[in-house]
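Following: one structure in structure tokens, then a few remarks.
The values are calculated or read from the model by the stated rules, or taken from the named source; none is laboratory data. As the structure is a computational prediction, the values presented were derived from the model and not from experiment. Cβ atoms come from the backbone with ideal geometry, glycine included; neighbour counts cover every protein chain shown. Ligands, DNA and RNA are stripped out before the accessible areas are found, and what is left, the full protein with its side chains, is counted by its heavy atoms. Shrake-Rupley method; radii C 1.70, N 1.55, O 1.52, S 1.80 Å.
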Amino acid sequence: MCYDVSFTISLKQLSDYFPDMIFDDQMDLQFTATHIMGHSFGDHPIIYRNREDGLLHCKLMEWGVIPHYTKDLDGFKKRRATMLNIRSERILDDKASYWNKIRTRRCLIPLTGFYEHREVPKFKNKIPYYLKLTEQPMFFVPGLYSAHDVVDTESGEVLKQYTYALITRNANPLMAQIHNGGDNAGRMPLLLPLSWAQKWLDAELTDDEYRSILAFEMPSEALCYRPVFTIRGRSPRPDEKEKDAVYEWENLPDLAY
């Protein structure tokens with residue numbers, strides 16, 4: 001699954017893709033991060049259609065959905081790690097899932113890249129790769145969001161806590177070689193061309209369009225990739241470069257692609 005992403009260009013460039021979008025007041029337009037890890041449940045700028053004014057907004061939301069009915073937040077913490085990503089197959093066809101219940105709460109996660117790990121024979125640890133779209137410096141992964149009521153302990157005011165999860169699908173041939181191990185091997189983020197990303201937020205999205213978007217497979221040829229140094233843990237890169245910079249692992253076999 002996808003638990004590591006990056007966003008390294010100005011948020012203002014989102015206006016090139018969504019000219020009429022409104023940035024919410026709490027947005028820091030200087031937001032950038034070479035590595036964002038899902039299990040930290042941190043904030044990310046998310047594009048969604050506001051239910052009050054019907055317009056597109058960009059708002060900071062926490063990665064890792066908290067269902068709106070959750071009463072015991074402390075008790076939910078361990079389960080929250082399972083709410084970072086959504087299997088596309090469950091949204092429309094698994095009627096018992098929470099994802100089916102919030103299927104109309106669609107959002108987009110703007111990214112400049114993502115990381116995935118490859119199992120390699122004779123290597124003790126998995127090798128991380130950084131991937132991005134070749135022709136588009138910023139791209140979008142569709143997701144779903146939830147709004148959970150939180151009571152301010154000082155004022156007693158009920159506030160909305162917005163959280164999101166990104167959608168994954170079966171891997172294309174390139175990603176199947178990279179994400180080749182672990183319980184969720186053979187998955188990748190649902191990467192969308194711009195026209196489908198914009199359609200995802202359409203208020204009048206039909207069921208057929210919904211299914212078509214969920215079924216879209218980004219061709220392997222549209223992705224560029226490079227091995228990078230270990231992105232998790234506290235070990236610094238020996239060359240002191242950024243986490244998304246290429247790293248030459250000794251005796252690393254090429255991908256058969």
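Scanning segment 200-211 for residues that are more than 20 Å from Asn172 (Cα to Cα) and open to solvent by 60 Å² or more (accessible area, probe 1.4 Å) yields Ala203, Glu204, Thr206, Asp207, Asp208.
Among the residues of segment 78-98, is any modelled with pLDDT under 90 and either over 18 Å from Lys160 (Cα atoms) or surrounded by 15 or more Cβ atoms within 10 Å (Cβ to Cβ) (or both)? Checked against the condition, which is being modelled with pLDDT under 90 and either over 18 Å from Lys160 (Cα atoms) or surrounded by 15 or more Cβ atoms within 10 Å (Cβ to Cβ) (or both), segment 78-98 yields at least one hit. Selection of first residues in segment 85-104 that are within 13 Å of Pro67 (Cβ to Cβ) and of second residues that are assigned to a loop (DSSP other than H, G, I, E, B), restricted to Cβ pairs under 6 Å at least 6 apart or on distinct chains, gives the following pairs, ordered by first then second residue: Tyr98/Pro67; Asn100/Asp94. In segment 28-42, the count of residues that are in contact (Cβ under 8 Å) with a residue 60 or more places away in the chain, within 25 Å of Gly186 (Cβ to Cβ) and touching a strand residue (DSSP E or B) at 6+ places or on another chain (Cβ under 7 Å) is one or more. Screening Tyr247 on (1) of a type in the set (Phe, Trp, Tyr); (2) under 30 Å from Arg51 (Cβ atoms); (3) not in a helix (DSSP H, G or I) shows it passes everything except condition (2). Do any residues in segment 191-218 that are in contact (Cβ under 8 Å) with a residue 60 or more places away in the chain and assigned to a loop (DSSP other than H, G, I, E, B) have Cβ atoms under 8 Å from those of residues that are crowded, with 16+ Cβ neighbours inside 10 Å and among the hydroxyl-bearing types (Ser, Thr, Tyr), where the two are at least six apart or on different chains, and which pairs are they? Listed by first residue and then by second, the contacts come to Leu201/Tyr48. Among the residues of segment 117-137, the ones that are under 17 Å from Val5 (Cα atoms) and either open to solvent by less than 10 Å² (accessible area, probe 1.4 Å) or of a type in the set (Phe, Trp, Tyr) (or both) come to 5 in all. Checking each residue in segment 220-238 for being open to solvent by 60 Å² or more (accessible area, probe 1.4 Å) and outside any helix (DSSP H, G or I) picks out Tyr225, Arg226, Arg232, Gly233, Arg234, Ser235, Pro236, Pro238.
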